[in-house]
Structures are given as C-alpha cells and as structure tokens.
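Undergrad: Take a look at the following structure, please.
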Amino acid sequence: MPQPTYQTCTSVSPQCPVSATTYGYNPNLGGNVFFSSWFGLMLIASLFIGFRKRTWTYTLGLSLGCLGEMVGYIGRDLMSLNPWNGNAFKIQIVCLILAPSFVAASIYLTIKYLVLYFGAEYSILKARWYPWLFIGCDILSIVMQAIGGGVSAAATGGNNNNASLLSTGNNLMIAGIAFQVATMGLAGILFLTFAVRYRKGKHEHRSASDGSPEPKFEPSSEEKKHRRTVFLYCAIVAFAYLTVLARCIYRLPEMAGGWGNRLMQNETEFLILDGAMIAIATLCLTIVTPKFASVRSKTL
C-alpha cells in the first residue's frame with residue numbers, strides 16, 4: 001500500500017489516518033479559531049489606529065503581519081475540519097512562516113526615532129541607517145522564507161519524487177528564519193549598547209553638573225511625565241521584540257528537525273510559542289504606536 005500523501009488523500013479514512021499527516025494530529029478547532037479571530041481583530045484595530053495617528057509605514061508592516069497570521073490560522077481552521085486539506089496546509093505553512101517578519105519590521109522602524117529622541121551621539125550606528133539595515137535584512141529574510149515556503153508547498157505530499165524538493169524548500173525556510181534571528185539579535189545588541197551608553201553618558205553629565213557652581217536644570221512636571229511615557233513605550237516595544245524573538249528561536253529547531261518531527265507534531269507548544277507570542281506582540285504594537293510617545297516623524 002502506498003504511503004498516504006496530500007495528493008492521494010482528500011479526507012480521513014482507514015487508508016488515510018490523521019497520524020499519517022505531517023502534523024500527526026487534527027488541529028484544535030477552538031484554539032485556532034481563537035487566533036484567527038484575534039489577528040483579524042488586531043488587523044482592524046491596527047488599521048483604524050494607524051490611519052487616525054497617520055503612522056503609515058509602521059501600520060503597513062504591522063497590518064501585513066496581522067493579515068498573514070489571520071490567513072494562516074484560517075488555514076489551520078480548515079485543517080481542523082479536514083487535516084488532509086492540502087491547500088489549507090500550504091496556506092498556513094507559508095503565511096505563518098512569513099507574517100512575523102512584517103511584525104518585526106514595525107519594531108525596527110521605531111529604533112531610529114528612539115535613537116534621535118534620546119541622543120544620536122550615544123549610538124554606535126548612525127540613526128538613519130537603522131531602518132535601511134534592519135528592514136533591508138528583514139526583506140531578505142522574507143524573500144528567503146517565501147521562496148522556501150513556496151518550494152515546500154509545491155513539494156507537499158512527502159512522496160519520493162518530491163523529497164529532494166521538499167528538503168530544499170525546508171532548508172531555505174530554516175536559513176531565512178536563522179537570518180531573521182541573527183538580524184533581531186544584532187538589533188537588540190545595538191539598541192542595548194545604545195541604552196548603556198546613554199545611561200553612562202547621563203550619569204557622567206550629572207556628575208559633572210554636581211561640581212559646577214551653576215544651578216542644575218530641573219525639568220518641568222510635563223517633561224517628566226512625557227519622559228515616563230517614552231520609557232513605558234520602550235518597555236512595551238522591548239517586550240514585543242522579545243516575544244517575536246522567542247517565536248523565531250522556537251521555529252528553528254521545529255523546522256530543522258524535518259517534516260513531521262516530534263516538535264512539529266506538538267500543537268500545544270506551537271500555539272504557545274508561535275501563536276501566543278505573535279498575538280502578544282501585535283497587541284503591544286497596536287496599543288502603543290510611535291505616536292503614543294511622540295517619537296514619530298512625518299516619514300514613519
């Protein structure tokens with residue numbers, strides 16, 4: 001008897017059991033409907049807030065991420081009804097691999113303006129290079145993952161004729177995700193270095209001021225309030241960054257283990273480390289846009 005594939009099976013039967021699918025389980029309908037609904041809500045909210053606040057480029061990245069996640073989980077909703085739905089499998093693989101890259105792009109867009117707000121002199125990299133470098137790398141990551149996802153989707157089925165093509169697509173997706181992790185890691189290191197240099201510079205400035213006969217400048221209550229708002233904004237964006245990073249790190253061993261590996265067949269881990277992480281990130285970035293802390297410019 002030939003091995004069941006997405007080409008030879010159209011529904012669950014004794015010849016096509018659920019255990020023979022790539023995931024080896026019937027996706028949980030309730031959990032996946034929750035995430036498809038959640039990202040649909042975040043898509044509407046991000047577009048509404050983005051148009052009101054006029055954060056065009058930021059909103060474009062975030063809304064594309066939400067759209068991709070929503071479509072991906074709709075694919076999993078369809079797989080909940082029929083785990084042998086080959087088209088739904090391809091849709092959710094491609095969309096859920098790509099979508100977080102657009103969410104990450106929204107995070108990168110804010111770094112330049114935070115650097116300019118706190119002081120460009122504390123940054124190792126010139127402020128104008130942050131979006132060019134990191135969004136450029138993000139686009140390259142998206143292209144690599146898109147090509148890999150397309151190749152893997154075309155080869156889906158697991159038969160011997162397509163095994164080599166499937167492996168090629170998988171390797172491309174792994175490389176794209178690894179490149180995304182490296183890009184996010186570099187962005188985090190650069191901004192952390194900037195924060196340390198900023199703190200050190202302010203401390204040295206205060207120490208020098210203490211020995212000066214001139215009276216120290218005391219910021220107004222309004223300025224103090226705005227600064228607290230900016231720091232709150234930074235904390236929320238940093239939390240969103242960590243959740244996206246956690247998702248990407250999880251995806252590396254999940255994809256590297258090959259199709260149908262133990263980690264890939266654990267839906268609970270997937271819903272927590274992929275779905276929930278990006279759900280948290282999109283919530284954070286939707287609630288606090290750059291306008292929240294008044295760190296945006298006309299081009300953001």
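All of the numbers you see were taken from the coordinates with simple rules; none came from a lab. A quick note: this is a predicted structure, and the numbers were derived from the prediction, not measured. Don't worry about glycine lacking a Cβ; one is built from the backbone with ideal geometry, like all the others, and counts go over all protein chains shown.
Undergrad: Treat each spin label as a single point 7 Å out from the Cα along the C-beta direction, and report the V12 to L140 distance in nm.
TA: Distance between label points: 4.4 nm.
Undergrad: Going by average Cβ density within 10 Å per residue, which order do the peptides 127-138, 274-285 take, highest to lowest?
TA: Working: 127-138: 17.9, 274-285: 22.8.
The densest-packed peptide leads the list: 274-285, 127-138.
Undergrad: Restricting to Cα pairs below 8 Å that are 6+ residues apart, what does the relative contact order work out to for region 43-162? Please round to a whole percent.
TA: Details: 113 pairs, mean separation 28.4, N = 120.
Answer for region 43-162 is 24 percent.
Undergrad: Quick one: which residues, 5 or more positions from W84 or on another chain, have an amide H under 5 Å from its amide H? H modelled 1.01 Å from N in the peptide plane, none for Pro or chain starts.
TA: V12
Undergrad: Here is a follow-up. Rounded, prolate or oblate: pick one for region 40-149, where a ≥ b ≥ c are the square roots of the eigenvalues of its C-alpha gyration tensor, a/c under 1.5 means rounded, and failing that, prolate if a/b is larger than b/c, else oblate. Working shown, then result.
TA: Numbers: a/c = 4.13, a/b = 1.89, b/c = 2.19.
In terms of gyration-tensor shape, oblate.
Undergrad: Another one. Rounding to the nearest 20 debye, state how big the charge dipole of the chain is about its Cα centre with +1 on each Lys and Arg Cβ and -1 on each Asp and Glu Cβ.
TA: In debye, rounded to 20, the chain gives about 980.
Undergrad: Could you give the length gained on full extension between L263 and W132, defined as 0.36 nm per residue of separation minus the Cα-Cα distance, in nm? List each step's numbers first, then the result.
TA: Details: separation 131, 0.36 × 131 = 47.16 nm, distance 3.50 nm.
Contour length minus the Cα-Cα distance gives 43.7 nm.
Undergrad: Starting at the first residue of region 239-252, write each ³J(HN,Hα) from the Karplus equation 6.51 cos²θ - 1.76 cosθ + 1.60 with θ = phi - 60°, in whole Hz, x for Gly and Pro.
TA: Once θ is set to phi - 60°, the couplings for region 239-252 become 5, 4, 4, 5, 5, 5, 4, 4, 4, 5, 5, 4, 5, 4 Hz.
Undergrad: Which ³J(HN,Hα) values, rounded to whole Hz and listed in residue order, are derived for region 115-132 from phi using the Karplus coefficients 6.51, -1.76 and 1.60 in 6.51 cos²θ - 1.76 cosθ + 1.60 with θ = phi - 60°, glycine and proline given as x?
TA: Taking θ as phi minus 60°, the curve returns 4, 5, 5, 7, x, 4, 5, 8, 9, 5, 9, 4, 3, 5, 7, 4, x, 4 Hz for region 115-132.
Undergrad: Restricting to Cα pairs below 8 Å that are 6+ residues apart, what does the relative contact order work out to for the chain? Please round to a whole percent.
TA: 22
Undergrad: To the nearest 20 debye, what is the magnitude of the charge dipole of region 63-171 about its Cα centre, counting +1 on the Cβ of each Lys and Arg and -1 on the Cβ of each Asp and Glu?
TA: Details: 5 positive and 4 negative charges, 30 e Å.
That gives region 63-171 a dipole magnitude of about 140 debye.
Undergrad: Still on this structure: Can you tell me the 0 to 90 degree angle between the C-alpha axis of helix 277-287 and the longest principal axis of the chain, rounded to 10?
TA: 40
Undergrad: Please give the FRET efficiency for L81 paired with K224, using the beta carbon to beta carbon distance and R0 = 45 Å, rounded to the nearest 0.05. Walk me through the intermediate numbers first.
TA: On the way: r = 55 Å, r/R0 = 1.23.
Computed FRET efficiency for L81 and K224 comes out at 0.25.
Undergrad: By how many nm would the segment from L242 to R52 lengthen if fully extended, with 0.36 nm per residue of separation less the alpha-carbon distance? Let's see the in-between values first.
TA: Values: separation 190, 0.36 × 190 = 68.40 nm, distance 2.73 nm.
Residue separation times 0.36 nm, minus the Cα-Cα distance, leaves 65.7 nm.
Undergrad: Let me ask something else. Whole Å is fine, so just give me how far the alpha carbon centre of region 1-74 lies from that of region 92-107.
TA: 12
Undergrad: Based on DSSP H runs of at least 4 residues, each adding -39500 (n - 2.57), what is the mean residue ellipticity at 222 nm of the chain after dividing by all its residues, to the nearest 500 deg cm²/dmol? Don't jump to the answer; show the numbers that get you there.
TA: Values: 8 runs with 210 residues, N = 300.
Roughly -25000 deg cm²/dmol at 222 nm, from the helical runs in the chain.
Undergrad: Moving on. Give the shape of region 66-130 as rounded, prolate or oblate, defined through the alpha-carbon gyration tensor: a ≥ b ≥ c are the square roots of its eigenvalues, a/c under 1.5 means rounded, and otherwise the shape is prolate if a/b is larger than b/c and oblate if not. The partial results should precede the final answer.
TA: Details: a/c = 6.93, a/b = 4.55, b/c = 1.52.
Here region 66-130 falls in the prolate category.
Undergrad: What list of ³J(HN,Hα) values in whole Hz, one per residue of region 7-19 in order, does the Karplus curve 6.51 cos²θ - 1.76 cosθ + 1.60 (θ = phi - 60°) give from phi, with Gly and Pro shown as x?
TA: Values per residue, Gly and Pro as x: 7, 9, 10, 10, 7, 6, 7, x, 7, 10, x, 4, 4 Hz.
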